[in-house]
1. Counting every Cα pair in segment 5-154, what percent are over 26 Å apart?
2. For the chain, what's the relative contact order in percent, using C-alpha pairs closer than 8 Å and at least 6 residues apart?
3. Of the peptides 305-311, 245-251, how do they stack up when ordered by the mean number of other Cβ atoms within 10 Å, highest first?
4. Taking the number of other C-beta atoms within 10 Å as the exposure measure, put SER96, SER365 in order starting with the fewest.
5. Using only DSSP helix segments of four residues or longer, with each worth -39500 (n - 2.57), what per-residue ellipticity at 222 nm results for the chain after dividing by its residue count and rounding to 500?
6. For VAL140, VAL216, what ranking results if the residue with the fewest other Cβ atoms within 10 Å of its Cβ goes first?
7. In nm, to one decimal, how far is the modelled label at SER16 from the one at THR37, with both set 7 Å along Cα→Cβ?
8. Between THR51 and ILE178, what length in nm is gained on full extension when 0.36 nm per residue of separation is reduced by their alpha carbon distance?
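Every read-out reported here was derived from the displayed coordinates using simple, explicitly stated rules and does not represent laboratory data. The structure presented is a predicted model; accordingly, all values stated were derived computationally and were not measured. Using ideal geometry, Cβ is built from the backbone for each residue, glycine included, and neighbour counts are taken over all protein chains shown.
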Amino acid sequence: MTHPMLEWQEGDVTRSLRWQSESGLRPPKRVVIADDTLNADSAFRLASEGTGLLWRGDFQNARQLLQALTRRIERKPRKTSAIPRESFNLHRQAQSQRARTLGMLLVEVDADYGIGLRRAPDIRLACNEAYGASSGAFVVPLREILGLIGAHEWRRKGVEIAELEARIHPWYGVFSPIRGEYLALIAEAPLPARTLAFDIGTGTGVIAALLARRGVSEVVATDCDARALSCARDNLGRLDLLDRVQIVEADLFPPGRAPLVVCNPPWIPARPNAAIERAIYDPDSAMLRGFLTGLKDHLTPQGEGWLILSDLAEHLELRSREELLQMIADAGLKVVARMDTRPVHARAGDATDPLHEARAREITSLWRLAAA
């Protein structure tokens, strides 16, 4: 992978380093040196104009400045619309602009993953977990460094999964299974067989683990993302399930057929702004369509496909229920049954969320599908 370079003037010297941004931000064209003497209003003006602020002051002061920039962004009135689709698009535009502005506060990271600033934390382990072996020094948005630190803590502590009575440890760049309601559906749905199941797009491996814990003797879990494959393997090893779960690199389906094929695709048909958002946003419902189109050819006779899907996209007018049902019918499938639940996550009750009206009506479903 080729990384762009960031160039800036420091004193009388022109310097350049590799630019690093997992969120997909492009390097700023203009960079100024910033330190503890820079006030928040000036920093906000520069960042809003797209000027990078390469920090040379105290690390903890940089964190406080980032918080100050966040507060100034949040003071701006949000654009809204009575039309759900337009409201969603305005929300995404605001998110993208927020990310660009906050991404202008930069830090330099040494080749050994050290940060040469006062009171800087030791991020070497977090960087090794996220990036692997170092490829040399680089410049990165401070916000992403804080994300690395947070991801390291998630990975270390894990996420309690009630249905497993155990913890799942998400890796950096792999979506955390924080929406427990869909796992409850998987734990309750009647199994068509206990011999073999496919888990399509396994991520952390949580669904594969749950199926194995429910008594499925063999599970084949697929993903096309290298981090997800390693993360799933690590989690299933922690749960002592690698003898029953096979981790396979594949775009959707592994070879063969199974009496149960499970998929929890991204729920919203829109373009992700960053790599981590690929677990939420699925442009043109590509993964959903791919799963439905290929499912019939990967089911045994009397087999079932379980599609776990929120109807949030329907409330946002990004996809209708009729379109979903037509996709199912066009794939030569029929609906055997459907199990529904309401979300319990914090955003569902947050009246300040720009998408609150849609989230308040959201239902997550497990669609039991079979060949028509």
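1. Working: 3077 of 11175 pairs.
Here the tail beyond 26 Å accounts for 28 percent of pairs.
2. On the way: 717 pairs, mean separation 45.9, N = 372.
Relative contact order here is 12 percent.
3. Values: 305-311: 22.9, 245-251: 16.6.
In decreasing order of mean packing, 305-311, 245-251 become 305-311, 245-251.
4. On the way: SER96 13, SER365 17.
With the sparsest Cβ surroundings first, the list reads SER96, SER365.
5. On the way: 12 runs with 128 residues, N = 372.
Rounded to the nearest 500, it is -10500 deg cm²/dmol.
6. Values: VAL140 26, VAL216 23.
Ordered by Cβ neighbours within 10 Å, fewest first: VAL216, VAL140.
7. 2.9 nm
8. 42.2 nm
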